[in-house]
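Presented below is the structure to which this report refers.
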Amino acid sequence: MSDTIVALSTPFGLSAIAKIRVSGPAVKILLKKYFFKENPVSHLAFLAHYKAISGKILDQVIVLFFTGEHSYTGEDSMEIDCHGNPLIIRSILEDLQLFGCRIAEPGEFTKRAYLNHKIDLCQAEAVLDVIHATNESALEISQRQLQGTLSEKIFHLDDALLSLLAEIEARIDFADEGLEFDEKILEKLIETLDKIEKIIHSHKFRRTLLNGILVAIVGHPNAGKSSLLNALLNEERALVSDIPGTTRDFISENISCEGFPIKIIDTAGLRATNDSMERLGIKKTLENIHRADLCLVVVDQNNPQPLEKETIAELGKKTCILVINKMDLEKKSPFLLPKEFQNFPQISIAAKHGIAMDALKSIIVKNIHKNRLLPRDMDIAINERHREIFQNVGDLISSAKNTLENQQSYELCASDLRLALETLGHITGKYNTEEMLAKIFNQFCIGK
Ligand SMILES: Nc1nc2c(ncn2[C@@H]2O[C@H](COP(=O)(O)OP(=O)(O)OP(=O)(O)O)[C@@H](O)[C@H]2O)c(=O)[nH]1
Ligand SMILES: [Mg+2]
């Protein structure tokens, strides 16, 4: 890590300000040569003219220096804020390369932070999750993982396994002294396995957390599906008209329902039609019902119509809520519930006027709980790499437990535990391989 890296950390293009990051041993030399700072003070910004090696002033910039102990990467770093014009950005980057800096690889700043022990590997992965989170809940959990919620759990597991290993090794070392078989060791192994199971379980919810709980709005043309989408979003997102078959392609948007992330999809109305475009839309609706975690089946209270067999079959496999719309209008005749909907929980609304939206959201949340679509109190959501490692650690501890239960050999048990500890260390990066690091950091963008 003897070279100094540089990269643009803000998106390339026109913007008010662009941030160029520099990290490495040459930062102090750079500050002295370019900005005449002999003893730069950490965290203190200053205004300066950026004068290139050629002598040309490239821009007026703000420079912020961080000493190694207090920087993101763990090395001397600085940030240069220039005007967000690609011509300026490019010329500063080129000039810094002439000075001897190298353009950073994707995620190289975060990789240096990890290699300099500023963060561990699962915190580095959390940085990626924080940048990519598309809803509040995913953002909250990735920020907690960045603060170290997962690292802390691993620290405790590591600690528990180490003390178990010490107890077992004592029995190997002092075999002559006839140390009794201790049931407590077995209990502790089972306890540790239980904790690992719980952590692995959090992976099941990761997709739902990242994408949102999929809620599809389906029903006949003109039932008021697009009006419902707009009411839930509180904006005129989808076209609404009294012409049946208005929505062709589906529209999806993210909302939050009592803190749960929801991806809501408005679909094309379901009916028999000869219009080829509308038929394509209906095909997409069926696919969306298939993918959905929950379906809101919208019916017009004065015009409830039977659905086609194929749709009924698809809806039958799903959790559905019957949404009876247009309650603001006078009922023409008693509402006859189509028989395929009779077992659905139901609610009356007036989408056009936003009536009963809170009640509808409450029913949605009730069904999220009932169907265990996403737990309320998640504190971690491990990724596929973590899941694989935890699975392997669990298998090794199970094997240690079985060995002990059959009272075969403390040696075998200890060797499984040693391997489990080493495997666990791959999550935080206590043990790593180049291939593993490349796989993780290549997912980052340049400048992070
Ligand atoms: N009175 C009243 N009219 C409504 C209500 N909701 C929707 N409408 C009207 O019903 C018509 C159809 O509404 P849309 O939201 O476009 O219906 P849709 O289900 O999306 O229809 P398609 O896209 O054709 O499948 C429009 O004229 C809306 O203004 C409501 O709660 N009350
Ligand atoms: Mg519509």
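The values are calculated or read from the model by the stated rules, or taken from the named source; none is laboratory data. Bear in mind the structure is a predicted one, so any value in this text is a computation, not a measurement. With ideal geometry, Cβ positions are generated from the backbone for all residues, glycine too; neighbour counts draw on all protein chains shown. Each accessible area value is taken on the protein alone, full model and side chains, heavy atoms only, with ligands, DNA and RNA left out. Shrake-Rupley method; radii C 1.70, N 1.55, O 1.52, S 1.80 Å.
Listing for the model above:
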| read-out | value |
| --- | --- |
| C-alpha long axis of helix 384-405 to longest principal axis of the chain, angle in ° | 80 |
| Compactness relative to 2.2 N^0.38 Å, alpha carbon Rg of region 211-370 | 0.94 |
| Along each principal axis, Cα extent of region 5-119, largest first, Å | 38, 31, 24 |
| Angle between the chain longest axis and helix 357-370 axis [Cα atoms, degrees, rounded to 10] | 60 |
| Å² per residue, accessible surface of the chain at 1.4 Å | 51 |
| Centre separation in Å (Cα based) which lies between region 260-281 and region 51-104 | 51 |
| Cα-Cα separations in region 162-299 greater than 20 Å, expressed as whole percent | 60 |
| Trypsin sites (Lys or Arg not before Pro) lying in DSSP loop within region 1-85, provided at most 16 other Cβ fall within 10 Å | LYS56 |
| Net charge of neighbours whose Cβ lies under 11 Å from the Cβ of ASN371, counting Lys and Arg as +1 and Asp and Glu as -1 | +3 |
| Relative contact order for region 5-119, counting Cα pairs under 8 Å that sit 6 or more residues apart, in percent | 31 |
| Longest to shortest principal axis, alpha-carbon extents of region 364-438, angstrom | 54, 39, 15 |
| Principal axis box of the chain, alpha-carbon based, largest edge first, Å | 84, 82, 35 |
| Listed peptides 264-275, 342-353 by packing density, highest first (mean Cβ within 10 Å) | 264-275, 342-353 |
| Centre separation in Å (Cα based) which lies between region 377-412 and region 306-338 | 48 |
| Degrees between helix 136-147 axis and first principal axis of the chain (Cα, 0 to 90, nearest 10) | 20 |
| Region 211-370 - charge dipole about Cα centre, Lys and Arg +1 at Cβ, Asp and Glu -1, debye rounded to 20 | 380 |
| Region 312-367: GluC sites (Glu not before Pro) in DSSP coil with no more than 16 other Cβ atoms inside 10 Å | GLU330 |
| Heavy-atom accessible surface of the chain: percent carbon and sulfur, 1.4 Å | 52 |
| Separation of alpha-carbon centers, region 147-167 and region 114-139, rounded to whole Å | 21 |
